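Asker: First, the structure itself, so that you have it in front of you.
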Amino acid sequence: MAGLTTTKAPFIEEARSHGDMFIHQPYELYSDENHQTWARLYERMLPQWQRFANPTFMAGIENLMLEPGRVPRLEEINSQLHMLTGFKAEAVSGHVPAYIFFDKLRQRIFPTTITIRDGAVLDYLPEPDCFHDMAGHVPMHMNSVFADVLVHFGEIAKQAAERVKTFGSIEEQRRVAASNIKALARIFWFTIEFGLMRKGENEICAYGSGLLSSFSELEYSIYHKRPQRYPLQMEWVINQYFEIDHFQPLYFIAESFEDLYEKLQQVERMLLDGQLDDVSLGEPAVSDIDLDSFLYA
Ligand SMILES: [Fe+2]
């Protein structure tokens, strides 16, 4: 049975064919194999988390009370989240255009994938799956400062969308919007997805969800000699291209979640001063769908 396996789920195909972006989690459709895949992923990540994850993430995992042996139900996740930070995980059928994604964060809603990767190829991810979203991202949403950081991404995106409309020609609006989206996507990537954080005097730990859901890159990001690790600096991050299909060559280290929040406030000032209007070219590419989502917000 296909169940809710990434790229092979008829339920998702159906939703996409109708243009339904926000959907529900048809829990009964998960196959036994889907639940077993979750259990295997969880079991092998747990000792890695204990060694390399930041304490906030571990507290989130404990407070969420996820059952290790089966895919979590979004209602259960949300009842825990709601009490602590008001955040909510909402099921989506696939890619959410950039502005809509950030605006959902502003409303304390996290667009959440419900399919799970194929258990036969545990480390191959053709697209994000529910282990990345529910085990990698959601536990972080139990922390109030981190939740405020996500909301602030949404607020900056809203300001960017409003501001870009004040530019004269449509060509200039599109150029500036593309630059603003690139800057925001890069910041999200190097913090929320692949961020490292200082832990005590001499240690670092991971808070980025791309790391926390990756069996091999989590340890690599902290201990391997090869990657570069630098203190988080937004002027650099907005101009730094990234690629998604291999281990990162570069990680940025935040001092704390409060530090991250303050640096996002700095990004807001940079946006309003026009410093995000002409960031360096290169990855990530900004699609017309992402661009239109900002211009017609
Ligand atoms: Fe992610």
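The values are calculated or read from the model by the stated rules, or taken from the named source; none is laboratory data. This structure is a prediction, so every number in the text was calculated from the model and none was measured. Cβ coordinates were reconstructed from backbone atoms using ideal geometry, including for glycine residues, and neighbour counts include every protein chain displayed.
Asker: Scan 85, 56, 113 and give me the residue that is closer than 27 Å to residue 217 by Cα, more than 14 Å from the ligand (Cβ to nearest atom) and of a type in the set (Val, Ile, Thr).
Answerer: After ruling out the rest, the residue left standing is 56.
Asker: Quick test of your reading of the structure: residue 93 fulfils all but one of (1) touching a residue at least 60 places away in the same chain (Cβ under 8 Å); (2) within 13 Å of the ligand (Cβ to nearest atom). Name the failing condition by number.
Answerer: Unmet for residue 93, out of (1) touching a residue at least 60 places away in the same chain (Cβ under 8 Å); (2) within 13 Å of the ligand (Cβ to nearest atom): (2).
Asker: Across the stretch 238-257, what is the number of residues that are out of contact with any helix residue (DSSP H, G or I) (no Cβ under 6 Å at 6 or more places or on another chain) and assigned to a helix (DSSP H, G or I)?
Answerer: Qualifying residue count for the region: 0.
Asker: Is at least one residue of the stretch 262-275 assigned to a strand (DSSP E or B) and at pLDDT 95 or above?
Answerer: Among the residues of the stretch 262-275, not one is assigned to a strand (DSSP E or B) and at pLDDT 95 or above, which makes the answer no.
Asker: Among the residues of the stretch 203-240, write down those that are among the aromatic types (Phe, Trp, Tyr) and either more than 28 Å from residue 180 (Cβ to Cβ) or modelled with pLDDT under 95 (or both).
Answerer: Once the filter is applied, which keeps residues that are among the aromatic types (Phe, Trp, Tyr) and either more than 28 Å from residue 180 (Cβ to Cβ) or modelled with pLDDT under 95 (or both), the stretch 203-240 yields 215, 220, 223.
Asker: Pick out, from the stretch 42-121, the helices (runs of 4 or more DSSP H) lying fully within it that include 2 or more residues that are surrounded by fewer than 17 Cβ atoms within 10 Å (Cβ to Cβ).
Answerer: 55-64, 74-84
Asker: Would you be able to say whether some residue in the stretch 172-181 is of a type in the set (Lys, Arg), more than 22 Å from residue 52 (Cβ to Cβ), within 16 Å of the ligand (Cβ to nearest atom) and in contact (Cβ under 8 Å) with a residue 24 or more places away in the chain?
Answerer: The answer is no, given that none of the residues of the stretch 172-181 is of a type in the set (Lys, Arg), more than 22 Å from residue 52 (Cβ to Cβ), within 16 Å of the ligand (Cβ to nearest atom) and in contact (Cβ under 8 Å) with a residue 24 or more places away in the chain.
Asker: Restricting attention to the stretch 235-249, which residues are touching a strand residue (DSSP E or B) at 6+ places or on another chain (Cβ under 7 Å) and loosely packed, with under 14 Cβ neighbours inside 10 Å?
Answerer: 249
Asker: I'd like the full set of residues that are closer than 19 Å to residue 75 by Cβ and within 14 Å of the ligand (Cβ to nearest atom), limited to the stretch 116-151.
Answerer: Hits for the stretch 116-151 are 130, 131, 133, 134, 135, 137, 138, 139, 141.
Asker: If you don't mind, there's one more thing I want to ask. Please determine, by comparing only the residues of the stretch 194-224 that are in a loop (DSSP other than H, G, I, E, B) and away from the ligand (no atom under 16 Å from the Cβ), which one is farthest from residue 121 (Cα to Cα).
Answerer: 201
Asker: Would you be able to say whether some residue in the stretch 226-237 is closer than 14 Å to residue 190 by Cα, assigned to a loop (DSSP other than H, G, I, E, B) and of a type in the set (Val, Ile, Thr)?
Answerer: No, that holds for no residue.
Asker: Something else about it: May I ask you to verify whether residue 191 is surrounded by fewer than 21 Cβ atoms within 10 Å (Cβ to Cβ) and either within 14 Å of the ligand (Cβ to nearest atom) or not in a helix (DSSP H, G or I) (or both)?
Answerer: Considered against the rule, which asks whether it is surrounded by fewer than 21 Cβ atoms within 10 Å (Cβ to Cβ) and either within 14 Å of the ligand (Cβ to nearest atom) or not in a helix (DSSP H, G or I) (or both), residue 191 comes out as no.
Asker: Of all residues in the stretch 274-297 being acidic (Asp, Glu) and crowded, with 17+ Cβ neighbours inside 10 Å, which is farthest from residue 168 (Cα to Cα)?
Answerer: 290
Asker: On to the next question. Is at least one residue of the stretch 252-273 touching a residue at least 40 places away in the same chain (Cβ under 8 Å), among the polar types (S, T, N, Q), surrounded by fewer than 18 Cβ atoms within 10 Å (Cβ to Cβ) and closer than 24 Å to residue 100 by Cβ?
Answerer: Yes, that holds for at least one residue.
Asker: Could you list, in sequence order, the residues of the stretch 40-69 that are among the charged types (D, E, K, R) and free of Cβ contacts under 8 Å to residues at least 40 places away in the same chain?
Answerer: Answer for the stretch 40-69, where residues must be among the charged types (D, E, K, R) and free of Cβ contacts under 8 Å to residues at least 40 places away in the same chain: 43, 62, 67.
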